[in-house]
Amino acid sequence: MDLQETENSNTHRTDFIECLRLIERLHRRILDILKFRLEALGYADINSVQALLLHNIGDREMNAGELRTRGYYLGSNVSYNLKKMVGNGYIKQERSEHDLRSVRIKLSQKGLAIHHLIAELFDQQLEQINAEQRITMEELSNIRSQLRQLESFWDQQIGCY
């Protein structure tokens, strides 16, 4: 490998690592924004991770395992957060009629209120991004497509191990 190829390789590696860091930082930033919004509205019994989870569940009904497989939850403490949200009245859970070991969850009215609050916040964020012309809707669509391609690549990598 000549010097130019080595420099290109190092630049690509740096770009790749920075993209990974940015993805992680962006996730933390949106959690910070959710935290501040919840605090400003007086919600002391729910954290930003739980609120994002409520938003992702929306009006669907599912079991706890589906939260991770559908990509609705990124943390490792699914059962802890579910237990807290059930205890605080954000989620209702019911045993499956067919398999008593399986518990179905769905949002309560209180959980739906958080879902709508987060959806409204995301709509406001999108309007502001659009108004300030920070990212065009076409660029946003391209980013989404590229991130999906990266996700697909990593899904394939998991299958190799």
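No lab work stands behind these numbers, since they all come straight from the coordinates. Everything numeric here is computed off the predicted structure, so don't read it as measured data. Cβ coordinates were reconstructed from backbone atoms using ideal geometry, including for glycine residues, and neighbour counts include every protein chain displayed.
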Here FRET efficiency (C-beta to C-beta, Leu20 to Lys84, R₀ 35 Å, nearest 0.05) is 0.75
Segment Asn142-Gln156, length gained on full extension (0.36 nm per residue, minus Cα span)
2.9 nm
Checking the cross-link filter: which aspartates and glutamates have an alpha carbon closer than 19 Å to that of Lys35, excluding same-chain neighbours under 8 positions apart?
Glu24, Asp45, Glu120, Asp123
Name the most mobile residue of Ile17, Ile114, Ile135, meaning the one with the largest mean-square fluctuation, in a Gaussian network model of the chain with Cα contacts below 10 Å.
Ile17
Just need the relative contact order of the stretch 44-160 here, percent rounded to a whole number, with Cα pairs under 8 Å and 6+ apart.
26 percent
Fluctuation leader among Leu150, Leu117, Leu34 - the chain, Gaussian network, Cα springs under 10 angstrom
Leu150
Only one of the listed values, (1) 17.5; (2) 18.5; (3) 16.1, was derived from the coordinates as Kirkwood radius over Cα pairs in Å; which label is it?
(2)
What does the helix-only formula give at 222 nm for the chain: each DSSP H stretch with n ≥ 4 adding -39500 (n - 2.57), the total divided by the residues, and the result rounded to the nearest 500 deg cm²/dmol?
-23500 deg cm²/dmol
Test of understanding: what is the full-extension gain from His116 to Ala44, defined as 0.36 nm times their sequence separation minus their Cα-Cα distance?
24.2 nm
For the chain, the dipole about the Cα centre with charges only on Cβ (Lys and Arg +1, Asp and Glu -1), to the nearest 20 debye, works out at 920 debye
Show which aspartates and glutamates lie in cross-link reach of Lys106 when reach means a straight Cα distance below 14 angstrom and same-chain residues fewer than eight apart are skipped.
Asp59, Glu61, Glu66, Glu94
Starting from the Cα of Met62, step 7 Å along the direction of its Cβ; do the same at Gln93; then give the gap between the two resulting points in nm.
1.6 nm
Order by neighbour count: Lys83, Lys110, fewest other Cβ atoms within 10 Å first, most last.
Lys83, Lys110
Work from the charge dipole of the stretch 44-160 (Cβ charges, +1 for Lys and Arg, -1 for Asp and Glu, about the Cα centre) and give the residue of Gln146, Asn47, Ile105 farthest towards its positive end.
Ile105
To the nearest 10 degrees, how steeply does helix 48-57 sit against the main Cα axis of the chain, on a 0 to 90 scale?
80 degrees
